[in-house]
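Have a look at the structure below, then the notes.
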Amino acid sequence: MHNFFRRFALLLAPVVLAACSTVAPSPITASPMAAPSSGVVSAADPRAAEAGAAILRQGGTSTDAAIAVMLALTVVEPQSSGIGGGGFYLRGTSTGEVVTLDGRETAPAAATPAWFLDESGSPRPFGQAVVTGLSIGVPGNIALAAEAHDKYGTLNWANLFAPAIALARDGWEITPRFRDFLQSSPNRAGLTAEGRTLFYDAEGEPLAAGTVVRNPALADTLEALAEAGPGAFYHGPMAEQMVGVIAEATPGTDRMTAQDFATYSATWRDSPCGSYREYRICGMGPPSSGATTVYAVLKQLERFDLAALGPQSPISWHLFAESQRLAYADRELYLADSDFLAVPMTGLMDEAYLAQRGALISATTRMASAEAGTPPGAALTLAEGSEPTENGTSHFVTVDQWGTAVSYTSTIEGGFGSGHMYGGFYLNNELTDFSFVPERDGVPVANRVEGGKRPRSSMAPTLVYAPDGSLVLAVGAAGGGTIPVQVAKALIGVIDWGLPVEEAIGLPGLYSPGDAITVEEDSPLLAMRAELEALGHTIQARRLPFKANAAQLVGGRWTGAADPRSEGVAVQP
Ligand code: GLU
């Protein structure tokens with residue numbers, strides 16, 4: 001049994017008593033008498049969290065700090081995210097203003113729906129496609145950072161790079177988790193000579209945990225971007241060389257060009273927000289499926305008294321699994337880049353529609369099948385796609401002295417992205433988040449590849465406002481398709497079960513996007529197997545790639561939380 005599950009089991013007794021009592025969980029609101037909060041940073045790596053905290057100490061905003069975290073993660077958690085990838089940024093003020101910025105990687109103009117098909121018209125095997133240039137989209141994180149900094153940053157752009165440059169130049173210790181990644185993904189981490197030299201010894205063995213790694217190529221890249229500004233990433237020699245690396249790795253003649261880099265921009269988008277039990281939940285809309293999926297999972301359950309059931313009731317977990325099935329059926333059919341097709345966002349967030357979907361859920365038996373619904377405004381006839389599962393990414397949260405929070409999920413998609421490197425960092429494989437299958441029986445798949453399109457994401461940076469309107473929670477996660485489920489679980493834990501977010505994140509989990517429920521292996525939830533099977537479920541136990549980070553306003557002070565399954569921490573400036 002993992003340590004955190006042991007802790008969970010110990011924790012459960014008082015928690016369950018509280019959750020099952022008739023007393024409603026205490027609402028999470030700011031205390032009017034509280035001293036002003038100095039902020040917090042929560043990230044998947046302590047050195048990256050410290051980079052953000054250092055920026056807050058200099059008087060930077062949550063945006064400044066978030067950019068510093070994103071850059072530092074490029075150095076110390078290179079398997080998960082970085083400047084070779086993209087991300088989604090959500091910024092919320094203490095009084096309710098929320099904006100989102102889409103820095104998702106983008107397919108080259110030359111890409112077509114047949115991008116991942118071989119000569120015979122069949123989808124290429126994932127393992128083969130991922131290590132080619134076909135999987136690499138134009139990276140968006142530097143453009144995102146530049147846009148966000150222009151609008152909401154106060155410190156000098158170059159300052160934000162200083163912690164990351166120091167880590168890359170002076171060295172950082174390999175952690176046990178990173179070593180495991182090196183061990184399990186030599187074909188990606190060590191695809192290139194650059195990767196092998198950085199992270200493997202002469203015999204091809206991964207460097208041991210505790211080894212200090214220096215990455216001077218990355219220090220040079222970061223220094224160049226700090227000095228020359230973000231434009232240097234998208235125009236001129238750096239962009240041309242990246243395009244060269246990608247083109248060389250791409251089979252066929254259709255490929256990335258310098259023009260694809262030059263025309264990239266991060267895009268401001270409205271944040272879809274909706275109410276759940278008096279709380280206002282704001283998330284990331286298309287090209288992410290994050291907001292709609294988290295919201296559907298919650299809203300479809302609103303008629304059930306989850307607070308009374310509590311986390312120890314198998315019925316709670318049954319309901320949670322059923323709601324996921326419905327939400328993922330809709331996500332699969334409708335969600336994709338809304339610049340390329342009409343995504344029925346209003347319909348998918350519509351309270352009456354979600355109540356009607358929720359009415360399909362029974363507390364006493366499993367639904368025979370969970371099909372996609374027809375949300376108001378859904379005009380297109382679409383077919384279900386086929387996207388491979390993912391397993392990378394990093395979420396982080398920064399809150400500044402003004403109580404403004406940034407909830408930012410950054411990714412290079414799978415562990416070590418495409419495996420291809422440039423200038424000391426890994427280039428993403430985000431384009432494998434597209435459906436490899438472009439159509440079924442002539443019916444198009446929403447998330448098929450198209451030139452200039454952004455692949456559908458599961459990333460779900462989220463902000464929560466309390467009934468009194470104050471910002472009280474920022475949360476998000478890594479873990480591919482499981483991300484919306486992790487976020488929804490955290491929100492049910494906090495809102496319905498009255499748990500501090502750290503415990504809500506630490507709760508064991510299950511994932512039910514289709515016909516079977518995957519329960520986290522070694523989890524105390526497996527003790528509910530018989531009850532869940534009696535309700536009609538098929539249960540499988542597997543490791544789930546959970547890794548969430550959050551910050552919560554408690555008694556007027558922001559405190560951070562990191563997943564007990566991870567190496568993440570929260571740091572107060
Ligand atoms: N590429 C995935 C997405 O955008 C995230 C990958 C992961 O977290 O493993 O949804």
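Quickly run through segment 200-216 and pick out the residues that are out of contact with any helix residue (DSSP H, G or I) (no Cβ under 8 Å at 6 or more places or on another chain), assigned to a loop (DSSP other than H, G, I, E, B) and loosely packed, with under 14 Cβ neighbours inside 10 Å. Show your work before the answer.
In the first step, residues of segment 200-216 are kept if they are out of contact with any helix residue (DSSP H, G or I) (no Cβ under 8 Å at 6 or more places or on another chain); the result is 201-203, 205, 210-212.
Okay, now just the ones that are also assigned to a loop (DSSP other than H, G, I, E, B), so 201-203, 205, 210-211.
Within segment 200-216, Asp201, Ala202, Glu203, Glu205, Gly210 qualify.
Assigned to a helix (DSSP H, G or I), free of Cβ contacts under 8 Å to residues at least 40 places away in the same chain and of a type in the set (Ser, Thr, Tyr): does that describe Thr197? Walk me through how you get there before you give the answer.
Details: assigned to a helix (DSSP H, G or I): yes; free of Cβ contacts under 8 Å to residues at least 40 places away in the same chain: yes; of a type in the set (Ser, Thr, Tyr): yes.
Yes; evaluated as a whole, the condition is true for this residue.
Within segment 460-500, how many residues turn out to be of a type in the set (A, V, I, L, M) and within 22 Å of Ala321 (Cβ to Cβ)? Write out each step before concluding.
The first filter runs over segment 460-500 and keeps only residues of a type in the set (A, V, I, L, M), leaving 460, 463-464, 466, 471-475, 477-478, 483, 485, 487-488, 490-492, 494-495, 499.
Okay, now just the ones that are also within 22 Å of Ala321 (Cβ to Cβ), so 460, 475, 477-478, 483, 485, 487-488, 490-492, 494-495, 499.
The total comes to 14.
Regarding Arg303, is this residue out of contact with any helix residue (DSSP H, G or I) (no Cβ under 8 Å at 6 or more places or on another chain), of a type in the set (Lys, Arg) and touching a residue at least 12 places away in the same chain (Cβ under 8 Å)?
On the way: out of contact with any helix residue (DSSP H, G or I) (no Cβ under 8 Å at 6 or more places or on another chain): no; of a type in the set (Lys, Arg): yes; touching a residue at least 12 places away in the same chain (Cβ under 8 Å): yes.
Spelling it out, it is not the case that Arg303 is out of contact with any helix residue (DSSP H, G or I) (no Cβ under 8 Å at 6 or more places or on another chain), of a type in the set (Lys, Arg) and touching a residue at least 12 places away in the same chain (Cβ under 8 Å).
Run Gly414 past the list (1) surrounded by 24 or more Cβ atoms within 10 Å (Cβ to Cβ); (2) out of contact with any strand residue (DSSP E or B) (no Cβ under 9 Å at 6 or more places or on another chain); (3) under 30 Å from Tyr152 (Cβ atoms); (4) not β-branched (Val, Ile, Thr) and report the number of the one that doesn't hold.
Evaluating Gly414 over (1) surrounded by 24 or more Cβ atoms within 10 Å (Cβ to Cβ); (2) out of contact with any strand residue (DSSP E or B) (no Cβ under 9 Å at 6 or more places or on another chain); (3) under 30 Å from Tyr152 (Cβ atoms); (4) not β-branched (Val, Ile, Thr) leaves (3) as the failure.
Of the numbered conditions (1) surrounded by fewer than 22 Cβ atoms within 10 Å (Cβ to Cβ); (2) farther than 19 Å from Leu360 by Cβ; (3) not acidic (Asp, Glu), Met256 fails exactly one; give the number of that condition.
Tallying (1) surrounded by fewer than 22 Cβ atoms within 10 Å (Cβ to Cβ); (2) farther than 19 Å from Leu360 by Cβ; (3) not acidic (Asp, Glu), Met256 fails exactly one: (1).
Within segment 456-511, track down each residue that is of a type in the set (S, T, N, Q) and either crowded, with 24+ Cβ neighbours inside 10 Å or assigned to a strand (DSSP E or B) (or both). Even if it seems obvious, please write down each step before you answer.
Start the filter on segment 456-511 by keeping residues that are of a type in the set (S, T, N, Q), which leaves 457-458, 462, 470, 482, 486.
Selection gives Ser457, Ser458, Thr462, Thr482, Gln486.
Determine, yes or no, whether Arg529 is closer than 18 Å to Glu322 by Cβ, surrounded by fewer than 22 Cβ atoms within 10 Å (Cβ to Cβ) and without any contact (Cβ under 8 Å) to a residue 40 or more places away in the chain.
For Arg529, the condition - closer than 18 Å to Glu322 by Cβ, surrounded by fewer than 22 Cβ atoms within 10 Å (Cβ to Cβ) and without any contact (Cβ under 8 Å) to a residue 40 or more places away in the chain - is met.
Restricting the search to segment 404-455, which residues are away from the ligand (no atom under 15 Å from the Cβ), touching an Asp or Glu at 6+ places or on another chain (Cβ under 9 Å) and part of a strand (DSSP E or B)?
Those that are away from the ligand (no atom under 15 Å from the Cβ), touching an Asp or Glu at 6+ places or on another chain (Cβ under 9 Å) and part of a strand (DSSP E or B): Val406, Met421, Tyr422, Arg440, Val445, Arg448.
The rows are residues; the columns are (1) assigned to a loop (DSSP other than H, G, I, E, B); (2) modelled with pLDDT of 95 or more.
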position: Ser316; (1), (2): no, yes
position: Leu319; (1), (2): no, yes
position: Ser323; (1), (2): no, yes
position: Ala342; (1), (2): yes, no
position: Thr346; (1), (2): no, yes
position: Ser362; (1), (2): yes, yes
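Taking Val487 as the residue in question, decide whether it is over 21 Å from Ala363 (Cβ atoms) and away from the ligand (no atom under 16 Å from the Cβ). Reasoning before the result, please.
Details: over 21 Å from Ala363 (Cβ atoms): yes; away from the ligand (no atom under 16 Å from the Cβ): no.
For Val487, the condition - over 21 Å from Ala363 (Cβ atoms) and away from the ligand (no atom under 16 Å from the Cβ) - is not met.
Looking at (1) assigned to a loop (DSSP other than H, G, I, E, B); (2) at pLDDT 95 or above; (3) polar (S, T, N, Q), find the lone condition where Ser42 falls short.
Of (1) assigned to a loop (DSSP other than H, G, I, E, B); (2) at pLDDT 95 or above; (3) polar (S, T, N, Q), only one is false for Ser42: (1).
For segment 87-109, does any single residue satisfy the condition of being away from the ligand (no atom under 16 Å from the Cβ), among the acidic types (Asp, Glu) and without any contact (Cβ under 8 Å) to a residue 24 or more places away in the chain?
From segment 87-109, those away from the ligand (no atom under 16 Å from the Cβ) are 91-99, 108-109; that's our starting set.
Applying the additional criterion that residues be among the acidic types (Asp, Glu) yields 97.
Next cut, without any contact (Cβ under 8 Å) to a residue 24 or more places away in the chain only: 97.
Within segment 87-109, one or more residues are away from the ligand (no atom under 16 Å from the Cβ), among the acidic types (Asp, Glu) and without any contact (Cβ under 8 Å) to a residue 24 or more places away in the chain.
What number of residues in segment 512-522 are assigned to a loop (DSSP other than H, G, I, E, B) and crowded, with 21+ Cβ neighbours inside 10 Å?
Qualifying residue count for the region: 2.
Which of (1) within 13 Å of the ligand (Cβ to nearest atom); (2) of a type outside the set (A, V, I, L, M, F, W, C); (3) closer than 25 Å to Gln128 by Cβ does Gly476 not meet, given it meets every other one?
(3)
The values are calculated or read from the model by the stated rules, or taken from the named source; none is laboratory data. Keep in mind that this is a model prediction, so the values were computed, not measured. Positions of Cβ are generated from backbone atoms using ideal geometry, with glycine treated the same way; all protein chains shown enter the neighbour counts.
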